[in-house]
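No value in this document is a laboratory result; all are computed from the given coordinates. Remember, it's a predicted structure, so these values are computed and weren't measured experimentally. Every residue, glycine among them, receives a Cβ derived from its backbone with ideal geometry; neighbour counts consider all protein chains shown.
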Amino acid sequence: GILAVLYIIPADINTLINYFSFAQWAFYGLTALALIVMRFTRKELKRPVKCPIPIAVLVVIVSCYLVLAPIIDKPELEYLYCTIFILSGLLLYFPFVHRRFSWTRRVMRPITMHLQLLMEVVPPEKNE
């Protein structure tokens with residue numbers, strides 16, 4: 001939502017669609033690339049749904065084209081802003097998710113539980 005508000009500042013819906021699709025296809029390509037990498041590096045994992053490697057490679061190629069073509073065709077500073085905004089998520093990822101500091105668990109657990117109860121999205125209890 002924040003990204004959409006920032007994209008709509010130029011007040012042009014075509015700009016919003018263009019930059020949103022830029023970010024969307026970047027994530028599609030990264031997801032398909034992760035699928036390919038995991039297929040070869042983590043062979044032992046159970047995969048409930050399998051995707052053929054040629055389809056994943058095709059998605060990576062198409063997403064590279066759809067991400068790079070607008071930049072090459074008409075370079076704009078907004079693409080750089082979009083990329084910086086996406087990469088800025090790493091600033092939050094490393095301390096809160098990757099490192100799992102203990103204070104983040106103490107702070108986030110009550111917030112998460114409250115939001116789950118408020119929105120009625122509590123996971124079912126495990127019967128052991």
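Odds and ends about this structure:
- Fully extended contour minus Cα-Cα distance, from Ile17 to Val37, at 0.36 nm per residue: 4.2 nm
- Point-charge dipole on Cβ atoms (K/R +1, D/E -1) for the chain, about Cα centre, debye to 20: 840 debye
- J(HN,Hα) series, region 62-67, from Karplus relation 6.51 cos²θ - 1.76 cosθ + 1.60, nearest Hz, glycine and proline x: 5, 5, 4, 5, 6, 8
- Kirkwood radius, region 1-97, all distinct C-alpha pairs, inverse of mean reciprocal distance: 15.3 Å.
- Taking θ as phi - 60° and the Karplus parameters 6.51, -1.76 and 1.60, the scalar couplings of region 40-47 work out to 9, 9, 10, 5, 7, 6, 6, 10 Hz in sequence order, x denoting glycine and proline.
- Eligible lysines near Lys126 by straight Cα distance, threshold 25 Å, same-chain separation 8 or greater: Lys46
- Computed over the chain, relative contact order equals 25 percent, with contacts defined as Cα pairs under 8 Å that lie 6+ residues apart.
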